[in-house]
């Protein structure tokens, strides 16, 4: 089955934005002073930011992040524009350089049991990004505004049309977005089902098949792990019982569902459908991708209607 189709390429801004992305990521990722590089701290936004610097030819991967690459240069073929947009948006929000506001422009109330507010603190600044094209208002620092404009996500103080589906991949709770009923998403589901490559379908079939042998092996692994822990810490150590077959099956379902997600993280994008191998090589591994997870759920629901775990969140 042929993969990929001409998607948003015509709408992506002209070359030049890559340098802005490199500058923003390199200045805002946490530094690792010991290695003179960047530390991802095992946080999603930082991990994806470090991955982006590597893909942009600016850094080499380490166990804790990245270090600057000698003779760094941009690759002849850049990573996917939409993936780099997500990396910038996630890092900006993580570093509190980008704040999403409620539809009326107000600041969301703190969630949880309690919040801390400084007495006499000035009110938060009003949004400087207006709602547009299905997206809500936001406030961004000047350096974030610069890189968003370079990426084509922002113009004249408003979100652009091409920004909308980028945000589907990491939608802010403040905007109460729901793309599942959008015709573009529905059409993409049908396209994904109609064009699923044979190797991807075979891998999905394999992942959703959990046999009694798989469950028995998982129970044995759990029992062995409990015995190893008891041998290490002594008979009086507080160690839970090994998994029952039901618990082992639920654990396998969770792991298989995560592996299904990774198939979509690596091989599917809204604009292009299933990625050809060359295009997949230019994709960043954007995990916790809300749009890819939603597509996995929709596709699995249609392909495996009797395996509810495959379409669960």
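The values are calculated or read from the model by the stated rules, or taken from the named source; none is laboratory data. Everything numeric in this text was worked out from a predicted model, so none of it was measured. Backbone-built Cβ (ideal geometry, glycine too); neighbour counts: all protein chains shown.
Given the residues 201, 250, 266, 230, which is the only one that is in contact with a helix residue (DSSP H, G or I) (Cβ under 7 Å, 6 or more places away or on another chain) and outside the structural domain of residue 56 (by TED's automatic domain parsing)?
From the options 201, 250, 266, 230, the qualifying one is 266.
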Quiz item: Looking at region 170-219, which of its residues are part of a loop (DSSP other than H, G, I, E, B) and under 30 Å from residue 109 (Cα atoms)?
Solution: 170, 171, 172, 176, 177, 178, 179, 180, 181, 182
Quiz item: Residues in region 102-123: is at least one at pLDDT 95 or above and loosely packed, with under 10 Cβ neighbours inside 10 Å?
Solution: no
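Listed here are the residues, each with its yes/no results for (1) within 24 Å of residue 213 (Cα to Cα); (2) out of contact with any strand residue (DSSP E or B) (no Cβ under 9 Å at 6 or more places or on another chain); (3) at pLDDT below 95.
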{"position": "250", "(1), (2), (3)": "yes, yes, no"}
{"position": "254", "(1), (2), (3)": "yes, yes, no"}
{"position": "261", "(1), (2), (3)": "yes, yes, no"}
{"position": "264", "(1), (2), (3)": "no, yes, no"}
{"position": "267", "(1), (2), (3)": "no, no, no"}
{"position": "273", "(1), (2), (3)": "no, yes, no"}
{"position": "276", "(1), (2), (3)": "no, yes, no"}
{"position": "287", "(1), (2), (3)": "no, yes, yes"}
{"position": "296", "(1), (2), (3)": "no, no, no"}
Self-check item: From the options 253, 246, residue that is surrounded by fewer than 17 Cβ atoms within 10 Å (Cβ to Cβ) and in a helix (DSSP H, G or I)
Solution: 246
Quiz prompt | Among (1) modelled with pLDDT of 95 or more; (2) surrounded by fewer than 20 Cβ atoms within 10 Å (Cβ to Cβ); (3) assigned to a helix (DSSP H, G or I); (4) not assigned by TED's automatic domain parsing to the domain that holds residue 25 - the single one residue 149 does not satisfy | solution = (4)
Quiz item: Going by the conditions given, is residue 225 at pLDDT below 95, assigned by TED's automatic domain parsing to the domain that holds residue 253 and either under 29 Å from residue 13 (Cα atoms) or surrounded by fewer than 17 Cβ atoms within 10 Å (Cβ to Cβ) (or both)?
Solution: yes
Quiz item: For region 52-65, which residues satisfy the criterion of being touching a residue at least 12 places away in the same chain (Cβ under 8 Å) and surrounded by fewer than 23 Cβ atoms within 10 Å (Cβ to Cβ)?
Solution: 54, 55, 57, 58, 62, 64
